[in-house]
1. Would you be able to tell me the number of residues in segment 203-215 that are more than 15 Å from ILE27 (Cβ to Cβ) and in a loop (DSSP other than H, G, I, E, B)?
2. Would you pick out the residues in segment 82-101 that are surrounded by fewer than 23 Cβ atoms within 10 Å (Cβ to Cβ) and either of a type in the set (S, T, N, Q) or within 15 Å of LEU235 (Cα to Cα) (or both)?
3. Starting from segment 122-145, take each residue that is without any contact (Cβ under 8 Å) to a residue 24 or more places away in the chain and list its partners that are open to solvent by less than 80 Å² (accessible area, probe 1.4 Å) and part of a loop (DSSP other than H, G, I, E, B), counting only C-beta distances under 7 angstrom and pairs at least six apart or across chains.
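The values are calculated or read from the model by the stated rules, or taken from the named source; none is laboratory data. These numbers were taken from a predicted model, which means no experiment stands behind them. Cβ atoms come from the backbone with ideal geometry, glycine included; neighbour counts cover every protein chain shown. With ligands, DNA and RNA removed, areas are computed over all heavy atoms of the protein, side chains included. Shrake-Rupley method; radii C 1.70, N 1.55, O 1.52, S 1.80 Å.
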Amino acid sequence: MIKISYDFHIHSCLSPCGDEDMTPANIAGMAAVKELDVIAVTDHNSCRNCPAVMSMVEKYDIIAIPGMELCTLEEVHVLCLFATLSDAMDFDAYVASKLIKIPNNEQIFGSQKIYNAVDQCIGEEPYLLVNATEISFDQLDGIMKQFHGIYIPAHIDKNSNSLLSNLGFIPPDARFTCAEVKDISHISDLLQSNPYLSQCKIITNSDAHSLAYINEPVNFLQVKERSIEGVLEALR
C-alpha cells in the first residue's frame, strides 16, 4: 500500500465564492508548494476548469481527479469524483441541463471564470452555479454509476447544505461508501447518531476558496497504486 496526502475539495475561480486568484495554475502551484500528492478541484455544479487543472498539475507530478461539488434538489452538497476527464465533462453537460437557470449577478455573488490550459480566462459562466439542480439525492447512486464516478456527501457535520442538516437523516436506502466531515473532532458524535457512517470511509478536506486555505499534507489515504483509479478504489 502507498500512503498519499490529499485535498479533494478545492474551489477554483469558476465558483462564485472562489477568489479570483484561484486559477488552475495557482492551485496546482500551491498544491506543489504544500507537497500534496492528489487534489480535486470541485467547483459548484461545474467541471469546466478541470481540464486546465489536470494539465497544470502534470509538471508537478500531482494527481488531479476531475470533480464537482453538486448541489442537489434538496440543496445538499455532494462531492462527485470521476475516473476520467471525459466522464466528468459528460456529467458536467448533464448537470448543466438540470441546473435551475438564474443569471449570475457578479456584483452580489462574484465572477465565474473559465480558464484554459495556459491559464488564460476564456469565458464566464452566465448562470449562477451555487443554485440547486433538479437532481435529487436519491437519484445519485444510479447517475454516478452511469458516469463511472463516486459521490461523497460533503461536510455532513455542517448546519447548512449538508445531508444531515437538509434531510435530517441518512436515507435508509443510502449506498454511498465515503463521507466528508469538515471537523474531524465531530466524528464520534456522528457515528453514534448515524450508525450507517460506520460502514463508510470518512475523509476531511479544506473546502478551500482561497490559496492559503488549501490543505497542508495532514490528511492521508492508503492506496494500492498512485493513480486516479487507485484513489477512487480506496474511497469506494
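1. The first filter runs over segment 203-215 and keeps only residues more than 15 Å from ILE27 (Cβ to Cβ), leaving 203-204.
Retained after the next criterion (residues that are in a loop (DSSP other than H, G, I, E, B)): 204.
Selection size over segment 203-215: 1.
2. Answer for segment 82-101, where residues must be surrounded by fewer than 23 Cβ atoms within 10 Å (Cβ to Cβ) and either of a type in the set (S, T, N, Q) or within 15 Å of LEU235 (Cα to Cα) (or both): ALA83, THR84, SER86, SER97.
3. ILE122/ASN116; GLU124/SER111; GLU124/GLN112; PRO126/ASN104
One line per residue, one yes/no per condition, for (1) of a type outside the set (Gly, Ala, Ser); (2) open to solvent by less than 30 Å² (accessible area, probe 1.4 Å); (3) more than 25 Å from ARG48 (Cβ to Cβ); (4) not in a loop (DSSP other than H, G, I, E, B):
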position: LEU129; (1), (2), (3), (4): yes, yes, no, no
position: ILE152; (1), (2), (3), (4): yes, yes, no, yes
position: LEU164; (1), (2), (3), (4): yes, no, yes, yes
position: PRO171; (1), (2), (3), (4): yes, yes, yes, no
position: SER185; (1), (2), (3), (4): no, no, yes, yes
position: LEU197; (1), (2), (3), (4): yes, yes, yes, yes
position: GLN222; (1), (2), (3), (4): yes, no, yes, yes
position: VAL231; (1), (2), (3), (4): yes, yes, no, yes
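Residue by residue, here is whether (1) of a type in the set (Gly, Ala, Ser); (2) touching a Phe, Trp or Tyr at 6+ places or on another chain (Cβ under 8 Å) holds:
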site	(1), (2)
GLY123	yes, no
VAL130	no, yes
GLU134	no, no
GLN139	no, no
ILE143	no, yes
GLN146	no, no
ALA154	yes, no
SER160	yes, no
PHE169	no, no
